[in-house]
Each structure stands twice: as C-alpha cells, then as structure tokens.
Amino acid sequence: MLGIDSFDKKEDGEVVRSIDKMKALNEISVVTVPAYDSSNVQVNKRSYETFMSNNQAKQTNNSLESTSKAQKESNNMEKTLIDNEKTEMRGYEEYIRSQGEVREGVATVNAAAVVPEEVIGEVFDLKRSNYNLAQYATVKTVSNGQGKYPVATNQQAVLATKAELAEIDDIDAEMFTQVEYKAETRAGKIALSNEVVEDSAVNIVQEVKDQLAKLVENTDNKHIVDLLKTFTKKTAATLDDLKQLYNVALDPALNKMVILNQSGYNHLDTLKDSDGRYILQPDVTAPSGKSLSGMPVVLIADTLFANPKAGTFPMIMGDIAQSIFVARRNQVTTQWEKFDYYSQGLAVIVRNDYKKIDENASVYIEFTPATQG
C-alpha cells in the first residue's frame, strides 16, 4: 500500500514520481497468467493528472507575466528611441539651417556632420535675342589679309549702231568695281582657375567656348548695323512714305527686306489700314513671322538698333546681301595652360572686315509717325 508520493518535472521535461513512505511492501508481481481470474492491475493517474494540470497553469501564468513584462520593456525602449531620434533630427536640422553654427544634439567627434548640397549638372543659359545679321550679308572667306572683291556694276550703257565696215565703238561704261577690304584682328581672352575646371559638375571649358562664339556673333551684328546706318538716309511719317521708298527709292529687282527694332516693330504691328487689317501680315518664311508690303521683317533688339530720338524708329529697307560684304580671313579659338597661376587661358581671335557693296541697295529710314504731332 502507498503512503506518501509526489511528482517532480525535471529541466529536460521528464516527470519523476517519488514515493517517500509506504505502509506495507508486499511481493507483488505482474504476471501474464494470474492465479485468480478476477485479479487485475490498475494505475492510479489522478495524482499525476492533477500535477500536470497545475504545472501547465503555472507555466501559462509565468509565460503571460514574462510576455507582458517584455512587451512593456519593448514599448519603453521604442519610445526612448523615438524620442532620441526626434531630438537628433531637430538638432541636425538646426545644424543645417545654421550652416554648422548650432551644434546642439549633433555629435561631430573627429568628423563633421554632412550638410547636403545640391550639385547642378548643367548651365542655365539666359534667353536673349539670338541672331546673326551676317547670314543676310555676302560673306566670303578670303585667302589674304587684304585685297579687292570684284563686283559687277549696275551700268546702264547701251550698244551703239555700227555702220557697215566701220570700227566697233568702245563701250562707255565701267563693267566692274572693286570693294577693297583689309582684315582687322579682333580678339578677347578669359582665364579659368583649374580649381573651377576640376570641381565643376559641367564641362565649364566647353561652356566658355560657346560663350566666346557668341561674342563673334555680337561683333558681326554691331559692325553690320553700324555700316547699314551709313547708307542713304530717308525720313518717313506715314505708311505711304514707306511705300514710296519701296516702290521708287529701291530697284525693283532687289531682294528686299526690312530690319526693325523692337519699338518700331511694336508700332507697325499695332497699325491697321482703312479696312481694319493689320499692316504687318503673317509670313511663315520671314524671320520674325511677319512681312511689310511683302518684305520679310527681321526683328532685332533696341539695345543693338536704338531709336535715334524719342518717337522716331530706325529702319533698314533693302537687299542686305547686295549691300554688305563680310571678308573672313580666319577665326581661331585657342586654349593654353598657365602653370604659374594654376589656371587655363581661353581666347577667340577673328580676322575680318565689313564693307559696302552697292550704295543703292539699301536705305536707312528714320520713321516718325505723323500722329505723334
């Protein structure tokens, strides 16, 4: 007969039953064939099941308590991390806004906080009037620094009547004239430090070369406009005056165009005829998109072709190709190293000249509208 017993669960999960005291110990053996048919063996599981049930409940409670404690510690840690992160972000933002002057909350031991900086990989080219009046002139590449450009004259001679067996008369007319030119050298240079060249995110050298090329166009524009203003000066106050210049002052065979500045273009572009039609008509072939009496209009800036006085607009009417000769001898863009300054030099040099071809191929007009009194 059993006296006192107990159950104990080891670390490896094995359950051990311990019998501390027994009332009596009789020789009992479990046999296959008992002496009596009514004999049987039965294991009492009640105490074992009670132990396992209590042990499972205890483990569940301990697990819940452990989970609750761990969750609480995790939440506290997460809150601490968030608070620290917010503090660091505020400190870093202040560091950036102050350009490094305010360092509270920013650790820079043996280093510096990285302040992001935008790096632009292209050059922003400001929009300006972009034109080259040389495209309308006669441009020739010459092989010498000076020389003569032969031009057929607009002679009006006629052939004389020849009597039988008489000598043929000489033609009394100059068939050709010479436009003399002498190429002048015009140049400009710029220096770039190698630090700028090396640290720039763009090809700054190529950008400078592009700007130097624009200087050549600016030079062409100025000298051509200055030369056009020396042609025969005419005045006009009405649209009929402009039509007379077109019909009478200039030869009908000329390939005529009109060069206007912004002010003159704006005035003519707002005028209407008696039928309410605008004076400047749309023309897709014209550089400005407009034409005047069938002549394409070329529009240039007031800064290049300024008004001679308030209320008066300058105009060029005529055949620019028959009026202006541009002699180009050479054009060079050069680049060199300046070792003593750790820099690079860039320069553009042109050798050219600007001359008149036909004095009667264009007129310079000062248009003062009569309505301005």
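For segment 350-365, does any single residue satisfy the condition of being over 23 Å from LYS229 (Cα atoms) and part of a strand (DSSP E or B)?
yes
Looking at ALA113 and the list (1) in contact with a Phe, Trp or Tyr (Cβ under 6 Å, 6 or more places away or on another chain); (2) hydrophobic (A, V, I, L, M, F, W, C); (3) in a loop (DSSP other than H, G, I, E, B); (4) modelled with pLDDT of 80 or more, which single condition is not satisfied?
(4)
Looking only at residues that are in a strand (DSSP E or B) and out of contact with any helix residue (DSSP H, G or I) (no Cβ under 7 Å at 6 or more places or on another chain) in segment 315-330, which one is nearest to GLY264 (Cα to Cα)?
GLY318
Do we find that ASP199 is loosely packed, with under 14 Cβ neighbours inside 10 Å and either under 40 Å from the mean Cα position of the chain (by Cα) or within 30 Å of GLN335 (Cα to Cα) (or both) in this structure?
Answer is yes for this residue.
Mind checking which pairs have a first residue in segment 154-179 that is over 30 Å from ALA361 (Cα atoms) and touching a residue at least 24 places away in the same chain (Cβ under 8 Å) and a second that is aromatic (Phe, Trp, Tyr) and in a loop (DSSP other than H, G, I, E, B), Cβ under 9 Å, 6 or more apart or different chains?
Once the first residue is over 30 Å from ALA361 (Cα atoms) and touching a residue at least 24 places away in the same chain (Cβ under 8 Å) and sits in segment 154-179, no partner that is aromatic (Phe, Trp, Tyr) and in a loop (DSSP other than H, G, I, E, B) comes close enough.
The values are calculated or read from the model by the stated rules, or taken from the named source; none is laboratory data. This structure is a prediction, so every number in the text was calculated from the model and none was measured. Methodologically, a virtual Cβ is constructed for each residue, glycine included, from the backbone with ideal geometry; neighbour enumeration extends over all protein chains shown.
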